[in-house]
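See below for the structure under consideration.
The values are calculated or read from the model by the stated rules, or taken from the named source; none is laboratory data. Please read all numbers here as calculations on a predicted model, not as lab measurements. Note that each Cβ is placed from the backbone with ideal geometry, even for glycine, and that neighbours are counted across all protein chains shown. Remember, those area values only see protein heavy atoms, side chains included, never the ligands or the DNA or RNA. Shrake-Rupley method; radii C 1.70, N 1.55, O 1.52, S 1.80 Å.
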Amino acid sequence: MRFKFLLKPGWLALTLAVWVFAGACIYLLSPWQFGRNDERQAQNSAITKSLKSDPVPFGARHDEWQKVEIKGRYLPELEALARLRTVQGEAAFEVITPFKTQNGQTILIDRGYVRPINGIKPPDFASPPTGEVTLIGLARPNESNAQPAFEQDGRKQIYSINNDAVGQNIEPGYYQLVEDQPGALDTLPLPRIESGPYFSYALQWIAFGVMAVGGWLYFTVREARPGGVLHESSKKPRKKSIAELLAEDGDESADESRGEADDAGQLHGTRHVT
């Protein structure tokens, strides 16, 4: 039976490994990269549209990155710092200050970022203005994994920008201030509008999966033919150990010595007879 070798434990393990790897590449990793590419394209489109459009009045719901005009007043007593941030390659805190809108809703305003002292300690920074102000910010959704706020170095700090982490009765999401707004600190830069490598990564994962299956098929066909790879390898002479080689050399030397002795004896006997 030509394909009986497929039932060997080693070949079964190889087959399982190849098909699991190929399935992961084609059905998990490549769709994940395609999804990231779609997210990046949607983000680029939303940012481009926001930059070209005028701000809309604050309402109940806004698309991500939409430019929104908000009227109301800051609530600095509820302010928190979002820690473990990186802005332009350096550590930063983002300053999150609740804001009471004219219609009575409380929302979160990302006033920008400040650099920590010695990489860990929050610095002093300007407080937001008092009284009613008008802001323009970019609508952003809640960050996931909200954890309760905690006090450190005299400041309330949070790990993720989430209304549940900052306080009660705050609307989901937050608004990231654009430049030159009341209460703005160092303005957060917008994400770069570029496609990124995700589409090419997805194609690479598909290629890896196809190559793995192709390699498995190639060696399976070769092994199924007479004189297959495993059959040929089983016929190859076993490499001799150093001890065996030395023993063979000793035997050959002994044989040569006996041969020389026999030749010498025969020559001596011949001379004696004559």
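The table for this structure:
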{"read-out": "Cα gyration tensor shape of the range 78-125, rounded if a/c is under 1.5, else prolate or oblate by comparing a/b with b/c", "value": "prolate"}
{"read-out": "Residue-normalised accessible area of the range 49-160, given per residue in Å² at a 1.4 Å probe", "value": "55 Å²"}
{"read-out": "Rounded if a/c under 1.5, otherwise prolate or oblate - the range 1-125, Cα gyration tensor axes", "value": "prolate"}
{"read-out": "Rounded to 5, percent antiparallel among DSSP beta bridges of the range 107-196", "value": "75 percent"}
{"read-out": "Karplus 3J(HN,Hα) series, Hz, for the range 85-96 with 6.51 cos²θ - 1.76 cosθ + 1.60 (x for Gly, Pro)", "value": "9, 10, 10, 6, x, 10, 5, 7, 10, 9, 9, 10"}
{"read-out": "Exposure rank, largest accessible area first [THR86, THR130; 1.4 Å]", "value": "THR130, THR86"}
{"read-out": "Residue pairs, from the table LYS67/LYS100; LYS49/LYS100; LYS49/LYS156; LYS100/LYS156; LYS71/LYS156, whose Cα atoms sit over 29 Å apart", "value": "LYS49/LYS156"}
{"read-out": "Sequence-separation-based contact order of the range 1-130, relative, with Cα cut under 8 Å and 6+ spacing, percent", "value": "13 percent"}
{"read-out": "DSSP-defined beta bridges in the range 1-112 - what % are antiparallel, rounded to 5", "value": "90 percent"}
{"read-out": "Under 5 Å, built H, 5+ apart or other chain: amide partners of ILE109", "value": "THR97, PHE99, TYR175"}
{"read-out": "Net length gained if the chain between ALA207 and ARG115 were fully extended (0.36 nm per residue, minus Cα distance)", "value": "28.7 nm"}
{"read-out": "Share of carbon and sulfur in the accessible heavy-atom surface of the range 11-63 [1.4 Å probe, %]", "value": "64 percent"}
{"read-out": "Rounded to whole Hz, the Karplus (6.51, -1.76, 1.60) HN-Hα couplings of the range 215-223, x for glycine and proline", "value": "x, 5, 4, 4, 6, 5, 5, 4, 6"}
{"read-out": "Inter-label distance, nm, simple model (7 Å from Cα along the C-beta direction), GLU143/ASP63", "value": "2.5 nm"}
{"read-out": "Accessible surface of the range 70-210 [probe 1.4 Å, protein heavy atoms]: carbon and sulfur percent", "value": "48 percent"}
{"read-out": "Packing-based order for 33-42, 49-58, 73-82, using average beta carbon neighbours within 10 Å, highest first", "value": "73-82, 33-42, 49-58"}
{"read-out": "Under 5 Å, built H, 5+ apart or other chain: amide partners of ILE161", "value": "GLU143"}
{"read-out": "Table column - 3J(HN,Hα) (Hz), the range 148-153, Karplus curve with 6.51, -1.76, 1.60, x for Gly and Pro", "value": "x, 5, 9, 9, 7, 6"}
